[in-house]
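Colleague: The structure follows.
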Amino acid sequence: DTGSAAATPIDPRFDIAYVTPVTIGTPPQTLQLDLDTGSSDLWVFSSHTPASQVRGQRIYAPDKSTTSKLLNGHTWSITYGDGSGSRGNVYTDKFTIGGVTVKSQAIETAQQVSSSFTTEDAIDGLVGLGFSTLNTVSPNGQLTFFDNAKPNLDSPVFTADLKYMKPGTYDFGFIDKTKYTGEITYVPVETDPGYWTFTSSGYGVGSGTFSSSPITGIADTGTSLVYLPTAIVTAYYRQVQGATNSRSYGGYVFPCNSTLPAFVFGVGEAKFTIPPSYMSYAAVTDGSPTCFGGLQSSSGIGVNIWGDVALKAAFVVFNGEEPPTIGWANK
Ligand SMILES: CCCC[C@H](NC(=O)[C@H](Cc1ccccc1)NC(=O)N1CCOCC1)C(=O)N[C@@H](CC1CCCCC1)C(O)(O)C(F)(F)C(=O)NC
């Protein structure tokens, strides 16, 4: 098997998240889900989600699918880094992304979602693409779509080609040579506790010297920004006129008309440049002259996160062979 599906930004003003069309059940029900390498639960708004918590999202109705089966006595509950969360019951059903089908995928139906999910009408749920050890289904943990699909994929990989303010693609089972330039640099992945954790070889601010120092963090398609150690973040914003670490806005902000340096990060011997346009994430509120940075401090999180701001500067291969590795290429 191989497959390919669009990853479309949910907001035309800034890349807060990307959604991908999937089909569930028989006849197929189409939902727009956020493929998230930072978690391992596949959950959806459903006919079991209270109407008061659904605001425009598409829902999965297992009772309308002839191939759905309740996974008796199984429940799930998840809380994300931004404080959002959801919980509910579990079915199995036919699940397809970009032409790759898993005949019996655990579909976690929401009985409760937090307010930020209710207000985000463009996201109908998540497809966790982290390692299955992170799955929250109890009493028996379930496998991710990738783990279920892997044995039937031509190659046990998926790739992310996210783009700045336009649709990119997720490919399953193959590496599309037209999507990158030069060589792919592969580095080891630490699978404990279940994220795609790898170690970057260092960073540079603009045309400044490159600092070769290991930065261990997770490659996370479900996180909008890049979160790195405070020392790196202060070194970056020291080069930005009028930048301050705002308590009220919860991070580094600067005048939107400031000149921003690029941010360079290393993977092995390779270098990746996040352009200034990605580093100015968004105005703090529509029309404000104050902009929020695409690079923020990880000190409050406990893990460094290479989110979409970094991922869209590269072509990334999530290699599910044993042992797993992650590959980065310029594009
Ligand atoms: C600060 C540390 C990480 C925060 C990260 N969230 C984010 O990055 C959210 C994503 C979002 C998308 C759409 C609407 C609303 C929020 N964005 C966000 O906090 N911001 C605030 C800063 O400006 C940029 C947008 C996160 O929890 N990512 C989850 C997956 C998201 C959960 C919320 C819905 C969208 C997916 C994750 O799975 O990637 C995780 F690894 F971080 C995680 O929590 N794993 C358990």
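Readers should treat all values here as calculations from the given coordinates under stated rules, not as data from a laboratory. Bear in mind the structure is a predicted one, so any value in this text is a computation, not a measurement. Ideal geometry is used to build each Cβ from the backbone, glycine not excepted, and the neighbour counts take in all protein chains shown.
Colleague: Just grab the label-to-label distance for S288 and R13, each label 7 Å out from Cα along the Cβ direction, in nm (one decimal).
Modeller: It is 1.1 nm.
Colleague: Let's see if you can work this out: charge +1 on each Lys and Arg Cβ, -1 on each Asp and Glu Cβ, no other charges. What is the dipole magnitude of the chain about its Cα centre, in debye to the nearest 20?
Modeller: It works out to roughly 520 debye.
Colleague: Which one, N304, N72, N152, has the greatest fluctuation when you compute a Gaussian network model over the chain with C-alpha springs under 10 angstrom?
Modeller: N72
Colleague: Another question, if that's okay. Which of L70, L134, L225 ends up with the largest GNM mean-square fluctuation for the chain, with Cα atoms connected below 10 Å?
Modeller: L70
Colleague: While we're on this one: Please give the calculated 222 nm ellipticity per residue for the chain, where each DSSP H segment of at least 4 residues contributes -39500 (n - 2.57) and the sum is spread over every residue; nearest 500 deg cm²/dmol?
Modeller: Per the formula, -1500 deg cm²/dmol.
Colleague: Going by how many other beta carbons lie within 10 Å of each one, how would you line up E190, E322, fewest first?
Modeller: E322, E190
Colleague: Of the candidates F292, F210, F198, which one comes out as most mobile in a Gaussian network treatment of the chain with C-alpha springs shorter than 10 Å?
Modeller: Comparing F292, F210, F198 in the GNM, the peak value goes to F210.
Colleague: Largest first and in whole Å, give the semi-axes of the stretch 180-330's equivalent ellipsoid, each being the square root of 5 times a Cα gyration tensor eigenvalue. Write out the running numbers ahead of the final one.
Modeller: On the way: eigenvalues 145, 51, 38 Å².
Gyration-tensor ellipsoid for the stretch 180-330: 27, 16, 14 Å.
Colleague: Next question, about the same structure. Report Rg/Rh for the chain, rounded to two decimals, where Rg is the Cα radius of gyration and Rh the Kirkwood radius.
Modeller: We get a ratio of 0.97 for the chain.
Colleague: Have a look at the DSSP beta bridges in the chain and tell me what percent are antiparallel, nearest 5.
Modeller: 85
Colleague: Using a cut-off of 20 Å between alpha-carbon atoms, which aspartates and glutamates can reach K64, once sequence neighbours fewer than 8 places away in the same chain are excluded?
Modeller: Output for K64: D93, E108, D124.
Colleague: Can you give me the C-alpha center-to-center distance between the stretch 17-78 and the stretch 209-265, rounded to a whole angstrom?
Modeller: 35
Colleague: For D308, D63, D171, which order do you get if you count the other beta carbons within 10 Å of each Cβ and list the fewest first?
Modeller: D63, D171, D308
Colleague: Right, something else. Between D63 and Q241, what is 0.36 nm times their sequence separation minus the Cα-Cα distance? Round to one decimal in nm.
Modeller: 58.3 nm
Colleague: Sticking with this structure for a sec: When the label point is put 7 Å from the Cα of A6 along its Cα-to-beta-carbon vector, which residues of the stretch 159-192 have a backbone N closer than 13 Å?
Modeller: Output list for this probe position: 166-170.
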